[in-house]
Amino acid sequence: MKSWQFLITSSSEFILLINIVLSLVHRWKDWPLLKYFSWLLFFSLIVQVIAKIMWLQRMNNLPLLHLYTLGEFVLMSLFYHQMFKQNLIWAKNIRWFIAIVMALILTNSIFFQPITVFNTNTKTLTQVIYIAYAVGFFLNATHHQTESYQNVLKTINSAILLYYTGSLFIFMFGNVLLGLEQRHNLFWVANALLYLIFQLLVFTAIWQFRQTKSTYS
Amino acid sequence: MTIGILIMLSLALAFIVFFNRSQRKILAEQMRMQQLRLEHQEALLYNNIKTQEEERKRIAKDLHDEVGSKLNIIHLNLHRLKKNAAASPLLEETVSDIFGAINDTINTTRRISHDLLPPTLENFGLADAIKELCDSYQRTSALDLQFDHVQSEGRPIEKMVEVNLFRIIQELISNSIKHGHASQINIRLLANNKELRLEYQDNGQGFDPNQLKKNTGLGMQNIESRLQMIQAQHSIDSQPGAGFSLSIKYPYPNDPPSLSR
């Protein structure tokens, strides 16, 4: 089971690397709608590389997960901010919303679930928020119909919705799963598989972006 | 937990599929509406040009039949008056002045009537009408206007198409003189059994076609509307200082047009 997990995780990391290279080649950082998502990919890679090094050194890499949860939430919220900023209620309250959730993440890491244990509370909270963002995008998708990169955004949103809904329960019961026997690693394999699908969909989005770019330029 | 994960995943998938389908439906509906708007605009344009042409025809006919014939009657009566006015030099001079004015008015009325709807176009078709137009420009200006008509297996075309192509030529010549300051214009009309081609070329100042796309004048807009109306294809070639050329291709419709004019 472990070899499967290793194979799938390595594949998704490899595709993540390709996605980062391709997003740099296609200059996603120059496109306001995709800028923060490309930063999120880059941030994920850095965290995953450090986590792997720590794991090889037999160090507890869970503190990185706490840091990743915080960074991921900020970048993901900024990514959706680019799509929702025309909504007045969103535009007025987004700063407060990000600040409050960040405060909750930090409070949880300091007082409730220290950085040496799985931050299931905040992982669950942020994942529910991402699912809400993705659903919100689909519900408002008709307003962005004329947007040239609508198909790219739809694919990225599908990736986000599928990955975070699929892994919601896995992270919700992360601490329980960590304490279980080896055979229950199946859930982590499922998570790795979902992450692989996520990266493959991002790759598809980059491909669609390349085609749309050549059509409109 | 496995069931929970599967349920969540299925829900997410169903959600994505549902919104993709509904979005496609909305997009299809929007495209249908856009198509309807476009068709409505085309119909409006068609009716506008058609009404304009009918009105021109009516005014030309009224001018020729009503005003023209009455002016001719005045002209005849003046002849009679002139014979009787030989005794009085003052009266004879006044009648001569009226004669001049009446002749001018008859000529002006005829010119306006011809400009509104050339009888040659009405009776002999497009090629003869263009030839007559070119001759009239050459008689009254220093413009070198060449017209070449090549017909292999031409087919009769609808009057409406002929009128629109003639108006386009009128507009193009006017543009070449007014904006292009051209001294030479070449027009070629080529007809075969499949299509009618009209090629127009001048040696005027020319312009940047990209600028034309951004800022189309009323004349060019009118030309494009007429081409759109008769469903003809066209291509413009021009460069600042290198003249202007326009090529029009009118493919004959599958059903032979009605010969009634």
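Which of the residues belonging to the range B:11-58 are open to solvent by less than 100 Å² (accessible area, probe 1.4 Å) and facing chain A (nearest Cβ under 9 Å)? Selection gives B:ALA12, B:LEU13, B:PHE15, B:ILE16, B:PHE19, B:ASN20, B:SER22, B:GLN23, B:ILE26, B:LEU27, B:GLN30.
Sort out which residues of the range A:26-82 are in contact (Cβ under 8 Å) with a residue 24 or more places away in the chain and outside any helix (DSSP H, G or I), and write them in order of number. Hits for the range A:26-82 are A:HIS26, A:TRP31, A:ASN60.
For the subset of the range B:130-148 comprising residues that are hydroxyl-bearing (Ser, Thr, Tyr) and either modelled with pLDDT of 85 or more or not assigned by TED's automatic domain parsing to the domain that holds B:GLN184 (or both), which member is surrounded by the most Cβ atoms within 10 Å (Cβ to Cβ)?
Initial filter on the range B:130-148 (hydroxyl-bearing (Ser, Thr, Tyr)): B:136-137, B:140-141.
With either modelled with pLDDT of 85 or more or not assigned by TED's automatic domain parsing to the domain that holds B:GLN184 (or both) added as a condition, the list becomes B:136-137.
Working: B:SER136: 15, B:TYR137: 17.
Ranking the candidates gives B:TYR137 first.
Selection over the range A:101-110 of residues that are closer than 27 Å to A:TRP55 by Cβ and more than 21 Å from the chain's Cα centre (by Cα) gives a count of 1. Residues in the range A:160-177 that are over 16 Å from A:THR126 (Cα atoms) and touching a residue at least 40 places away in the same chain (Cβ under 8 Å): A:ASN175 alone.
Considering every residue within the range B:93-116, establish whether at least one is assigned to a helix (DSSP H, G or I) and touching a residue at least 60 places away in the same chain (Cβ under 8 Å). Checked against the condition, which is being assigned to a helix (DSSP H, G or I) and touching a residue at least 60 places away in the same chain (Cβ under 8 Å), the range B:93-116 yields at least one hit.
The values are calculated or read from the model by the stated rules, or taken from the named source; none is laboratory data. All values reported here derive from a predicted model rather than from experimental measurement. Here the Cβ is made from the backbone with ideal geometry for all residues, glycine too, and neighbour counts use every protein chain on show. SASA here: full protein model, heavy atoms, side chains in, ligands and nucleic acids out. Shrake-Rupley method; radii C 1.70, N 1.55, O 1.52, S 1.80 Å.
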